[in-house]
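Presented below is the structure to which this report refers.
Read-outs throughout are calculated quantities, based only on the coordinates presented, and are distinct from any laboratory measurement. Computed from a predicted structure; not experimentally measured. Virtual Cβ from ideal backbone geometry, glycine too; neighbours counted across all protein chains shown.
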Amino acid sequence: MVCWLVAGFLVLAPVAQGRHTATPTLRVTFTAAGSITLTLPDGTPVGTTGGAPTTIPAGYYTLLFFGPGECINLPLFELRGPGVNINDDMLGGETDVHTLYATLLPNSTYTWHSDRNEALVFTFRASSEVAGTQPTGSGSSTSSTGSHVMATSQDIVGSAILPFRGTLTGAVSAGGRLTVAFKGKSVSSLKAGRYKVAVSDKSSTDGFVLQKLEHRAVSVTAPTFVGTHSVSVTLTTGRWLVMPRLGKATYSIVVS
């Protein structure tokens, strides 16, 4: 079974020199049922939905992602806050373990949630204590062989500065016909920015894939998936293809 690529992008920010050199870790765990948890290595939950938020030290963190190891359409984990903007769904279930990195700034507030339940938002704070610093010469790359891909392509690191434009509504009919609309109207052109792409897929043989020419693809639904799913995608300037599968373009959207 072929699993298609789905969104994952990260924006990093520098942090002041800390008092410790060890890199702390956070665990992001996906289940086959579609739930996500964010915890410390000892299992302590990170983030609350009400009351005082969880507080952890600031600093450079390793995010360890664990999935069920099945080629299924997992939800999108979204982590937001100063200097951090992460979207990841374990390559749609193709990988069962991978790693990303993030720098949490001192005295800052962060939130995380699943794109399948955007009303349920978990909040936590980074304290004034700095627990880990970025290794010398490591740069800000999030690359890890076979671990993740960018939401659109490697050239959009930092694209979180683009404005959120709204929701693109896509559909895949039982016969494989694709449609996409914005604010209730069919689209052939869009403004560059961040979009939520929500797709209703009734086909068990075709999916819904976006791809900027000469860049990596973003799969909202895989060919074997039937149901509804949404991802956050940053559309940068250029021509984007709308496809039921890679290499089979239905039409294109010009982004400017």
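Compactness of the stretch 159-255, taken as the C-alpha radius of gyration over 2.2 N^0.38 Å, stands at 0.98. Using a cut-off of 21 Å between alpha-carbon atoms, which lysines can reach Lys202, once sequence neighbours fewer than 8 places away in the same chain are excluded? Counting by Cα, and skipping residues close in sequence, Lys202 has these lysines nearby: Lys185, Lys248.
Note on Lys185 and Ser35: their simple-model spin labels are 4.4 nm apart, each label 7 Å out from Cα toward Cβ.
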